[in-house]
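The values are calculated or read from the model by the stated rules, or taken from the named source; none is laboratory data. Just so you know, these numbers come straight off a predicted model, no measurement behind them. Here the Cβ is made from the backbone with ideal geometry for all residues, glycine too, and neighbour counts use every protein chain on show.
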Amino acid sequence: MIVVDTTVLVYAVGSQHTYREPSRSLMHAIGSGALRATITVEVIQEFAHVRTRRRGRADARRLATAYADILAPLDATTERHLRAGLAWWDRHEAIGAFDAVLAAVAQDFGASALVSSARAFARMTEVTHVLPDEHGVAARLS
């Protein structure tokens, strides 16, 4: 089981980018049941916020709902995740608070990887970071 970050969702439906096709392949594998993944409500919420800036509310709602359906059941972020994430955030200056809490969720759920384009995750020893590039996605799909 993997945890997917907002960046993967954004790239999968975004314009031309190195991570677009690998992110699409990853989401297709998740949607078809070939790969187990989880995500938090907050990741879907962040995706909707980011998508709204470029494509409007209706498009963002439609895609966020589709992602919620594909990744259901969505996992809950708890106070324990928040506290662990904030402690990691304090130790790892390169990572933001949101990402640190997501890393705590990934570790707690025993995820084999946290897939994200945010390279700050690679500096953390608490989780295994995988870039949503051809190599990283191919390794998850094999």
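A few remarks follow.
- Test: residue 29 is of a type in the set (A, V, I, L, M, F, W, C), surrounded by 14 or more Cβ atoms within 10 Å (Cβ to Cβ), touching a residue at least 24 places away in the same chain (Cβ under 8 Å) and assigned to a helix (DSSP H, G or I): yes
- Residue 121 meets the conditions (1) more than 14 Å from the chain's Cα centre (by Cα); (2) of a type in the set (Phe, Trp, Tyr); (3) closer than 16 Å to residue 39 by Cβ in every case but one. The failed one is (1).
Let's see how each residue does on (1) within 16 Å of residue 116 (Cβ to Cβ); (2) more than 15 Å from the chain's Cα centre (by Cα):
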{"residue": "36", "(1), (2)": "no, no"}
{"residue": "53", "(1), (2)": "no, yes"}
{"residue": "60", "(1), (2)": "no, yes"}
{"residue": "82", "(1), (2)": "no, yes"}
{"residue": "101", "(1), (2)": "yes, no"}
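- Any hit, the range 53-75, residues being modelled with pLDDT of 95 or more, more than 17 Å from residue 137 (Cβ to Cβ) and touching an Asp or Glu at 6+ places or on another chain (Cβ under 7 Å): no
For (1) basic (Lys, Arg); (2) touching a residue at least 60 places away in the same chain (Cβ under 8 Å); (3) in a loop (DSSP other than H, G, I, E, B); (4) under 15 Å from residue 130 (Cβ atoms), each residue gets a yes or a no:
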| position | (1), (2), (3), (4) |
| --- | --- |
| 3 | no, yes, no, yes |
| 22 | no, yes, no, yes |
| 44 | no, no, no, no |
| 61 | yes, no, no, no |
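- The range 32-71 - residue that is within 22 Å of residue 108 (Cβ to Cβ) and charged (D, E, K, R) and, of those, surrounded by the fewest Cβ atoms within 10 Å (Cβ to Cβ): 36
- Hits in the range 90-142 - residues which are of a type in the set (D, E, K, R) and under 24 Å from residue 25 (Cβ atoms): 99, 119, 133, 134, 140
- Flag if residue 121 is closer than 21 Å to residue 45 by Cα and surrounded by fewer than 21 Cβ atoms within 10 Å (Cβ to Cβ): no
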